[in-house]
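One structure is given here, and the rest of the page talks about it.
The values are calculated or read from the model by the stated rules, or taken from the named source; none is laboratory data. Note that the coordinates shown come from a computational prediction; the quantities given were computed from them, not determined experimentally. Here the Cβ positions follow ideal geometry from the backbone for every residue, glycine too, while neighbour counts run over all protein chains shown. Only protein heavy atoms, including side chains, enter the accessible area calculation; ligands, DNA and RNA are left aside. Shrake-Rupley method; radii C 1.70, N 1.55, O 1.52, S 1.80 Å.
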Amino acid sequence: VQLVESGGGLVQAGGSLRLSCAASTTSATVLRIAAYNWYRQAPGKRRELVATITSGGLTNYADPVKGRFTISGDNAENTVYLQMNNLKPEDTAVYYCNVGGNFGAWGQGTQVTVSS
């Protein structure tokens with residue numbers, strides 16, 4: 001599985017960004033992904049799980065982003081989104097799309113920078 005993120009950038013505190021992650025495969029098999037994850041890693045910090053969505057639409061969020069971030073997906077397009085509202089400087093990080101956990105597939109990451 002190949003994952004490609006987009007949508008990062010520089011925004012002022014209180015602003016919004018929408019990240020996208022498109023999944024694809026080079027094989028002819030149908031792509032079925034049980035769950036997508038969004039992680040982030042800030043400078044000098046460990047990578048942390050931000051949000052998860054299952055193929056059935058169940059979602060889960062890390063406490064720091066609850067009420068501000070929304071994960072959604074389009075199963076037909078194999079795409080997942082992370083809508084980030086009311087961004088804070090502490091949300092500054094490289095955001096990664098993932099399937100399959102630590103030993104699964106990872107995107108290249110997209111930088112999100114929130115200025116105060």
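Please go through the range 99-116 and pick out each residue that is hydroxyl-bearing (Ser, Thr, Tyr) and assigned to a strand (DSSP E or B). Full working, then the answer.
From the range 99-116, those hydroxyl-bearing (Ser, Thr, Tyr) are 110, 113, 115-116; that's our starting set.
Residues satisfying the conditions are Thr110, Thr113, Ser115.
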Selection from the range 26-52 of residues within 10 Å of the chain's Cα centre (by Cα) and modelled with pLDDT of 95 or more yields Asn37, Trp38, Tyr39, Arg40, Leu49, Val50, Ala51, Thr52
Considering every residue within the range 66-76, establish whether at least one is open to solvent by less than 20 Å² (accessible area, probe 1.4 Å) and either touching a residue at least 12 places away in the same chain (Cβ under 8 Å) or out of contact with any Phe, Trp or Tyr (no Cβ under 6 Å at 6 or more places or on another chain) (or both). yes
Taking the range 78-116 and the residues there that are of a type in the set (Gly, Ala, Ser) and under 12 Å from the mean Cα position of the chain (by Cα), the one that is farthest from Ile53 (Cα to Cα) would be Ala93
Scan the range 46-62 for residues that are open to solvent by 30 Å² or more (accessible area, probe 1.4 Å) and either touching a residue at least 40 places away in the same chain (Cβ under 8 Å) or of a type in the set (Gly, Ala, Ser) (or both) and report the count. 4
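Filter the strands (runs of 3 or more DSSP E) completely within the range 1-85 down to those with at least 2 residues that are closer than 16 Å to Gly100 by Cβ. Before the answer, list the steps.
On the way: elements: 2-6, 9-12, 17-24, 35-41, 48-54, 59-61, 69-74, 79-84.
Output list reads 2-6, 17-24, 35-41, 48-54.
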Going residue by residue through the range 11-31, is there one that turns out to be farther than 23 Å from Ser116 by Cβ and among the basic types (Lys, Arg)? no
Examine the range 84-98 for a residue that is small (Gly, Ala, Ser), open to solvent by 50 Å² or more (accessible area, probe 1.4 Å) and out of contact with any Cys (no Cβ under 8 Å at 6 or more places or on another chain), and state whether such a residue exists. no
